[in-house]
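This report refers to the structure that appears directly beneath it.
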Amino acid sequence: QVEWLRRHDPAYLLTHPTNLLHLARHCASHGIALNLRGVSTLGETLSPETRAACRDVFGVDAVDVYSTREAGYLALQCPTGPRYHVQAEDVLVEILDEAGGSCAPGAIGRVVATPLHNLATPLIRYHIGDYAEVGAPCACGRGLPVITRIVGRTRNMLRLKSGQRSYPGYVLSR
């Protein structure tokens, strides 16, 4: 993959976060430079480690997109930082607690979406299977709802004996 990237010399890269981390580690360990002007990720949770590796190795910040097959784009990363702006013009995103109530900023809850663009087969309050943390209004001035971080998907969640939830990250060999 790195050889292909070197041959084609793209300015922008769109990839999954785990692939980005592997690319960055490979390039760093082999002294390979890619002339990227931008990197976007989608499809998985973008970890702080992967963000740092992208910045350190490629000299650009990774910009993440939060989307689903069922509902399309849910939120885009703010240009001023790692928080996400919900695309409220196109989808109603609710982050709900265990009782079904709205979570307050700082709380983690399940993501429920109602896309506003699919009139033929509407999804209403569709539980995506993700958990996310509600954010306070963003300092950038956009009035869109904020997600601080996407925590993980239900199918990847572990419930410990204590009742606590854990969202394990990907285990990548160096």
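Read the figures in this text as sums done on the coordinates, not as results from a lab. Everything numeric here is computed off the predicted structure, so don't read it as measured data. Note that each Cβ is placed from the backbone with ideal geometry, even for glycine, and that neighbours are counted across all protein chains shown.
For the reader, a short list of remarks on this structure follows.
- Net charge dipole size for the chain [Lys, Arg +1 and Asp, Glu -1 on Cβ; Debye, nearest 20]: 440
- Rounded to the nearest 10 degrees, the angle from helix 48-58 to the longest Cα principal axis of the chain is 30 degrees.
- The angle between the Cα long axis of helix 17-30 and the longest principal axis of the Cα atoms of the chain comes to about 20 degrees, rounded to the nearest 10.
- Cα centroid separation, segment 1-40 to segment 109-152 (Å): 30
- Each Lys or Arg adds one and each Asp or Glu subtracts one; over the other residues with Cβ under 14 Å from the Cβ of G59, this totals +1.
- When shorter helices are ignored and each DSSP H run of at least 4 residues is given -39500 (n - 2.57), the per-residue value for the chain at 222 nm works out to -5500 deg cm²/dmol.
- The gain in end-to-end length when the H117 to N19 segment is fully stretched comes to 32.2 nm, 0.36 nm per residue minus the alpha carbon separation.
- For G135, net neighbour charge (Lys/Arg +1, Asp/Glu -1) across residues whose Cβ lies under 9 Å away: +1
- The K161 and A28 beta-carbon pair, evaluated with R₀ = 45 Å, returns a calculated FRET efficiency of approximately 0.70.
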